[in-house]
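What follows draws every value from the coordinates through simple rules; no lab data is involved. Since the model is a prediction, treat every value here as computed from it, not as a measurement. Positions of Cβ are backbone-derived with ideal geometry, glycine not excepted, and every protein chain shown enters the neighbour counts.
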Amino acid sequence: SESLTVAELAKKIYREPSEIIKKLFLLGVMATINQVLDKDAIELIAGEYGVEVEEEIKIDTTDLEVYFTEDSAENLVERPSVVTIMGHVDHGKTTLLDSIRNTKVTEGEAGGITQHIGAYQVVENGKKITFLDTPGHAAFTTMRQRGAKITDITILVVAADDGVMPQTVEAINHAKAAEVPIIVAVNKMDKEAANADRVMQELTEHGLVSEAWGGDTIFVPLSAKTGEGIDNLLEMILLVGEVEEYKANPNRKAVGTVIEAQLDKGRGSVATLLVQNGTLKIGDPIVVGHTHGRVRAMVNDKGRRVKEAGPSTPVEITGLSDVPQAGDRFVVFDDEKTARQVGEARSQQALVAHRGEKSIVSLETLFEQL
Ligand code: GDP
Ligand code: MG
């Protein structure tokens, strides 16, 4: 029968030893990195990761989630918060996103204003914040469908002259289900009919109680149109970031999620990626969803060519053999051979799945014709 040390097991299942030690601790076992684990302990830990243990440990290396490992605490450093904006139609989501971008883009970057890669970063008090420019609902739907967590904080925009509406409630439910902290932006405060108290009152019924009323939800009155209050909102985002301590390890191979992707006539497959951990570099062998390749060129949200992108950075890449989908995961591999093997296995799986769908559809069509 097989026995492995914590370090050996960690390596086999693509996890950090510290993560295994933590898991064992939670299961009531104190272990060190060199601890020898017996078959039962190995099965217990492997089971936690859904890994089958027969004669030897079997792990599905074509499942990209396998590579989204936790890092040991000493390798973690602060990273920018990733923020999405949600709210009822016409309450000012787009105006707010544009307003934040325009007020925060510095002179030197002015040329980049027109650049649109589905996400952007601003600097407030020397700290970066990443905004996903995709509609918040779409981001959350994708996250739920694929189980990929991409946003840290959600800004709930509520128009002060309109109050809580159906999509406001929907947004709250999305954020709660994903356990993402909510900051309420009470928008359109420049309007005659603005009534922030009413918004606060109505949101109380949905469990969002302002700090002023003894709760713990941050409310920021603002006007996306005039820009009044936007600095305050950004400061509150930094505050939540400090409390939640979002961290990542920049010194590892990058993993993350596709924000958007399309086929460009001149450049081929173009994908905007959000680097969630590690640092993405030019030339990296990469698997993205069901496609793979090498990172050929990278462009940041200001339209500038960059050589690398660290945690929480959105970046547009070329060099993939096919177009991935929003919400797909990406993983960088040590060598091109492994990336190709995993990539080809995944595209094969996708093909088979696709064929399966097709045959079902054609059967249905057949029945309809009968
Ligand atoms: P979205 O559907 O949530 O993206 O809303 P939009 O950003 O498209 O805004 C809807 C309408 O509200 C537009 O006509 C905006 O100009 C207007 N609007 C947005 N924010 C403000 C604001 O702070 N004050 C005023 N007066 N109008 C605003
Ligand atoms: Mg809009």
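Amide hydrogen proximity for S269: with H placed 1.01 Å from N in the peptide plane, the residues at 5 or more positions away or on another chain lying under 5 Å are D264, G319, L320. For the chain, the Cα gyration tensor yields ellipsoid semi-axes of 38, 26, 23 Å (square root of five times each eigenvalue, largest first, whole Å).
For the range 243-301, the fraction of alpha-carbon pairs lying more than 17 Å apart is 41 percent, rounded to a whole number.
Counting only DSSP beta bridges with both residues in the chain, tell me the antiparallel percent, nearest 5. The antiparallel proportion sits near 70 percent. Taking a ≥ b ≥ c as the square roots of the eigenvalues of the Cα gyration tensor, the range 180-238 is oblate, since a/c reaches 1.5 or more and a/b is not larger than b/c. The tail of the calculated P(r) for the range 1-58 beyond 15 Å holds 37 percent of all Cα-Cα pairs. Calculated [222 nm] ellipticity per residue, helices only, for the chain: -10500 deg cm²/dmol; basis is -39500 (n - 2.57) per DSSP H run with n ≥ 4, divided by all residues, nearest 500. Computed from the C-beta positions of K12 and N251, the FRET efficiency with R₀ = 30 Å rounds to 0.85.
If the segment from K176 to E211 were pulled out straight at 0.36 nm per residue, it would be longer than the present Cα-Cα gap by 10.8 nm. Each peptide in 81-89, 63-71 was scored by the mean count of other Cβ atoms within 10 Å over its residues; highest first, the order is 81-89, 63-71.
Count charges around T204 for me, please; just the other residues with Cβ under 14 Å from its Cβ, Lys/Arg as +1, Asp/Glu as -1. Taking every Cβ under 14 Å from that of T204, the sum is -4.
Quote the convex hull volume per residue of the range 264-355, based on C-alpha atoms, as a whole number of Å³.
Convex hull volume per residue, Cα atoms: 93 Å³.
Only four residue types carry charge here, +1 at the Cβ of Lys and Arg and -1 at the Cβ of Asp and Glu. Report the dipole size of the range 1-46 about the Cα centre in Debye, rounded to the nearest 20.
Working: 6 positive and 7 negative charges, 31 e Å.
Here the size comes out at about 140 debye.
Taking a ≥ b ≥ c as the square roots of the Cα gyration tensor eigenvalues, with a/c under 1.5 meaning rounded and otherwise prolate when a/b beats b/c, else oblate, which class fits the range 1-130? Working shown, then result.
Details: a/c = 3.41, a/b = 2.79, b/c = 1.22.
Prolate.
Listed by chain and number, the lysines whose C-alpha is less than 24 Å from the C-alpha of K176, apart from same-chain residues fewer than 8 away, are K93, K149, K247.
Relative to the current alpha-carbon distance between L263 and E78, full extension at 0.36 nm per residue lengthens the span by 63.2 nm.
Where in the range 68-91 does the label zone of R198 land, with the point 7 angstrom along Cα→C-beta and an amide N cut-off under 20 Å? From the range 68-91, the list is 87-91. Close amide-amide hydrogen proximity is noted between K127 and no other residue 5 or more places distant or on a separate chain, at a cut-off under 5 Å (H modeled in the peptide plane; Pro and chain starts excluded). Label-to-label distance for N232 and L351 is 5.8 nm, based on points extended 7 Å past Cα in the beta-carbon direction.
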